[in-house]
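Notes follow once the structure below has been shown.
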Amino acid sequence: MTDATLTGTRPRTLAEKVWDKHLVAKGEDGTPDLIYIDLHLVHEVTSPQAFDGLRLAGRPVRRPDLTIATEDHNTPTLAIDRPIADPTSRTQIETLRRNCEEFGIRLHSLGDIEQGIVHVVGPQLGLTQPGITVVCGDSHTSTHGAFGAMALGIGTSEVEHVMATQTLPLQPFKTMAITVDGALRPGVTAKDVILAVIAKIGTGGGQGYVLEYRGSAIRDLSMEGRMTICNMSIEAGARAGMVAPDATTYAYLKGRAHAPSGQDWDDAVAYWDTLPTDAGAVFDAEVVLDADTLEPFVTWGTNPGQGVSLSGAVPNPADIGDSNERAAAERALEYMDLTSGTPMKEIRVDTVFLGSCTNSRVEDLRAAAEIVKGHTLADGVRMLVVPGSARVRIEAEAEGLDKIFTDFGAEWRFAGCSMCLGMNPDQLAPGERCASTSNRNFEGRQGKGGRTHLVSPLVAAATAIRGTLSSPWDLIQDGDH
Amino acid sequence: MEKFQTVTGIALPLRRSNVDTDQIIPAVYLKRVTKTGFDDALFAAWRQDPDFVLNQPAYQGARVLVAGADFGTGSSREHAVWALRDYGFDVVLSPRFGDIFRGNSGKQGLLAGQITEADAQLLWDVIESDPGIELTVDLVSRTARVGDLTIPFVIDDYTRWRLLEGLDDIGLTLRDEARILEFESQREPWRPRTLPARQVNQ
Ligand code: SF4
């Protein structure tokens, strides 16, 4: 039974319920609503001027107990005990440390077991919970929506606003249901689902919407898979992505450091159970995808919407009806140095990057390790494996995954954003081509002149073995797996 | 933000129009991690010239900048306002401002008052005839006074109210503090907290 039938109120979506629950003041005449923020995640890149603004105004951080910081974007993934060489990176990290000290913010620094990508750290600590509002000065905050939280990326002046007031003035949103029914075939993952969604609705298709992912294929996903999907909602232009909490969510949370326990747990679950979208609630838009027909999906272009099934070919811009998109495709093919009609599987890569807040959790590493085990890295290819957090790294090592990767020929690194955006030394050289489990294939994102193909961890692993974009299915056909 | 009523301080004549934000603060200074410490960055390129008005001893400690038309156009960088504030300016008077710059000014407590071209000329003449002369800006009456000269300036009612009340975006929200407190008093105790840090080994 839904709470709408109990209370007789209008049926509401998951997103509306979370929003309503956090309304401090309702905006009138087009002024925004004031929304309470349950959890504020902080990292070194977007926080310094916010802290400084507080200092100038003589304001404290209102709720240090709802705020947590970690170092991720600039951290090196090698020799983490040595001073950071790049002065800008070093300054940003040192500034974060000073600010957290001064304002009483809990910080997980390089070397700490909970240090890592901010969107891996929140869930692993059990801080990310159903029905909460989460913000971070980072667009991929949408990741946390996997728990049925309203998770929004914000800018630096908003970071300061949340620090000072624990609220944000926000305009209401529209809702979009993305229903994926059926069952994913073996070798097809959450990453393939979200790449297919973005290819379908476009990089602007989600603008102004909070997406809710529904359907049997979503219900069957692990929390890690749901995080992968919600993570990339932002690549469809959406304000947030969400999945309703269920037994999978509860099982993931139970026993984590900051999850409720005892009576609190029961009270929390009683509330969480009311969150799923009511029967009869109306979405402003609906998209349907058939899980049974999905294949491994990869990008060929320079935005995450420019993707195709791995068994397909580089498209011909002439076939694209929309003139803006046609022009974008032409530019992308030139930048990517690809020719229309080339089968995706013939594309050779120099680098494979397994990491980022999209795919760097222990489940991702496990899945990739299972594929590469007993194989040898393709000639001329380098592979970086970068766990999402120090804890993930330790857990993976306990399972022997590091050994599998290094035996294979890959580099086993320390935790951080790494080659997802190349703010640290992990970068592509100009012209280099990379199969990457990250979320953005923008020009120069992974290093000036670098070329990125977004892929799942399974495709990354198979590609590392064969040297060309490949799926685990190709290995079976090769007869060697 | 402090409440703004009147400011009296040395006026600095900047006889230039189209001073874009790249001139106010060059891009190389944008790497910094603070909102302060930009005083040396203000007009950094022009200050290489020892004759530049900012370098003249009479104008040291100036608080009111009188500039030509189209001040603060170009890049949206908030750093331009931070640099002016940081140097010590509370007021910029100009016949026309870049839109984003004017918006940013209001948020940081910098009064951007619009004057006529003719009044700008009058102000420059008075200031330059007595370098270091003090000028009084009265936000209540929306006037600037220097010597015997009193001229009006234009500022929109909303920005003026916020400056008079000393309200930035955060200050505005904090006017709702009672509602925030009430909301907090009703938050469920099991909602997550980051402090104290807890360790659970699964
Ligand atoms: S891993 Fe990449 S996308 Fe994720 S937070 Fe870091 S830089 Fe951003």
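The stretch between residue A:335 and residue A:9, if pulled fully straight at 0.36 nm per residue, gains 112.0 nm over its current Cα-Cα span. Pair-distance distribution of region B:1-51: all C-alpha pairs, bin width 10 Å, starting at 0; shares per bin in whole percent are 18, 40, 36, 6.
Within the shell defined by Cβ-Cβ distances under 10 Å, the residues around residue A:95 carry a net charge of +1, with Lys and Arg each +1 and Asp and Glu each -1.
Which shape class, rounded, prolate or oblate, goes with region B:1-125 when its Cα gyration tensor gives a ≥ b ≥ c as root eigenvalues, a/c under 1.5 marks rounded, and past that a/b bigger than b/c marks prolate? Here region B:1-125 falls in the rounded category. Dividing the mean sequence gap of close Cα pairs (under 8 Å, 6+ apart) by how many residues region B:6-168 holds gives a relative contact order of 26 percent.
How fast does region A:332-481 diffuse by Stokes-Einstein, in µm²/s, taking the Kirkwood radius from C-alpha pairs at 10 °C and 1.306 mPa s?
105 µm²/s
Which number comes out as Rg/Rh for region A:219-341 once both Rg and the Kirkwood Rh are worked out on C-alpha atoms?
Rg divided by Rh gives 1.11.
Chains B and A together bury roughly 3900 Å² of accessible area, counting both sides, with a 1.4 Å probe on protein heavy atoms only. Beyond 24 Å, the tail of the calculated P(r) for region B:100-202 holds 51 percent of the Cα pairs. Just want to confirm a number: the relative contact order over chain A, from Cα pairs under 8 angstrom separated by 6+ residues, in percent. Worked out over chain A, it gives 17 percent. Remark: mean inter-chain Cβ contacts per residue of B:80-86 equal 1, using a 10 Å Cβ-Cβ cutoff to other protein chain atoms.
Comparing the full protein assembly with the isolated chain, the residues of region A:25-73 losing at least 30 square angstrom of accessible surface (1.4 Å probe) are A:25, A:34, A:36, A:38, A:49, A:52, A:56, A:59, A:62, A:63, A:65, A:66.
Once Lys and Arg get +1 and Asp and Glu get -1 on their Cβ, which of A:427, A:394, A:449 lies farthest toward the positive end of the dipole of region A:302-474? It is A:394, whose Cα lies furthest towards the positive end. Spatially, region A:246-273 and region A:348-423 are offset by 31 Å when compared through their Cα centroids.
Overall shape: prolate for the protein assembly as shown, with the ratio a/c of the largest to smallest alpha carbon gyration tensor axis at 1.5 or above and a/b above b/c. Here chain B is assigned +1 on the Cβ of each Lys and Arg and -1 on the Cβ of each Asp and Glu. Its dipole about the Cα centre then comes out at about 920 debye. In order along region A:386-392, phi translates into HN-Hα couplings of 10, x, x, 8, 4, 5, 4 Hz, rounded to whole numbers, per the Karplus curve 6.51 cos²θ - 1.76 cosθ + 1.60 with θ = phi - 60° and x for Gly and Pro. Taking Cα centre as origin and charging only the Cβ of basic (Lys, Arg, +1) and acidic (Asp, Glu, -1) residues, the dipole magnitude of the protein assembly as shown rounds to 580 debye. Comparing mean-square fluctuations of B:36, B:159, B:21 from a GNM of chain B with C-alpha springs under 10 Å, the top value falls on B:36. Overall, region A:14-169 carries a charge dipole of about 220 debye about its Cα centre when +1 sits on the Cβ of Lys and Arg and -1 on the Cβ of Asp and Glu, all other atoms neutral. Only protein atoms count toward the accessible area here, which uses a 1.4 Å probe; on the protein assembly as shown, the carbon and sulfur part of that area reaches 49 percent.
For residue A:152, the residues whose amide H sits under 5 Å from its own are A:134, A:135, A:136, ignoring neighbours fewer than 5 places away on the same chain, with H placed 1.01 Å from N. Sorted largest first by accessible area at a 1.4 angstrom probe radius, with every protein chain in place, the residues B:149, B:65, A:78 fall in the order A:78, B:149, B:65.
In sequence order, region A:354-363 has phi-based couplings of 10, x, 5, 5, 7, 8, 9, 8, 4, 5 Hz under the Karplus curve 6.51 cos²θ - 1.76 cosθ + 1.60, θ = phi - 60°, and Gly or Pro positions carry x. Peptide A:158-168 has a mean shielding of 4, counted as Cβ atoms of other protein chains within 10 Å of each residue's Cβ. Pairs of Cα atoms nearer than 8 Å and 6+ residues apart set the relative contact order; for region A:110-210 it is 17 percent. For residue A:307, the residues whose amide H sits under 5 Å from its own are A:300, ignoring neighbours fewer than 5 places away on the same chain, with H placed 1.01 Å from N. Computed from phi, the 3J(HN,Hα) profile of region A:399-404 under the Karplus parametrisation 6.51, -1.76, 1.60 (θ = phi - 60°) reads 8, x, 5, 4, 5, 4 Hz, with x in place of Gly and Pro. Mean partner shielding of peptide B:30-38, defined as the number of other chain Cβ atoms within 10 Å of each residue Cβ, is 6.
The overall shape of region A:442-481, judged from the alpha-carbon gyration tensor, is prolate: a/c is not under 1.5, and a/b is greater than b/c.
As a calculated quantity, the FRET efficiency between residue A:247 and residue A:282 at R0 = 25 Å, using C-beta atoms, amounts to about 0.40.
Enter the accessible area per residue of the protein assembly as shown (Å², integer; probe 1.4 Å; all protein chains in place).
Here the residues of the protein assembly as shown average 38 Å² of exposed surface.
Every helix of 4 or more DSSP H residues in chain B counts as -39500 (n - 2.57), and over all residues that averages to -8000 deg cm²/dmol at 222 nm. Note on region A:14-169: along the principal axes its Cα atoms extend 53, 35, 23 Å, ordered by decreasing extent. Between the C-alpha center of region A:439-470 and that of region A:86-144 there is a gap of 26 Å.
In terms of accessible area, using a 1.4 Å probe and ignoring ligands and nucleic acids, A:448, A:200 rank largest first as A:448, A:200. Checking the Cα-Cα distances for A:191/A:403; A:191/A:254; B:3/B:31; A:345/A:373; A:373/A:448; A:254/A:373 against a 27 Å cut-off, the pairs over it are B:3/B:31; A:373/A:448; A:254/A:373.
With K and R counted +1 and D and E -1, the other residues having a Cβ less than 14 Å from that of residue A:288 yield a net charge of -3.
The values are calculated or read from the model by the stated rules, or taken from the named source; none is laboratory data. These figures come from a predicted structure and were not determined experimentally. Because the Cβ atoms are built from the backbone with ideal geometry, glycine has one as well, and the counts that use them run over all protein chains shown. For accessibility, only protein heavy atoms count, side chains too; no ligands or nucleic acids. Shrake-Rupley method; radii C 1.70, N 1.55, O 1.52, S 1.80 Å.
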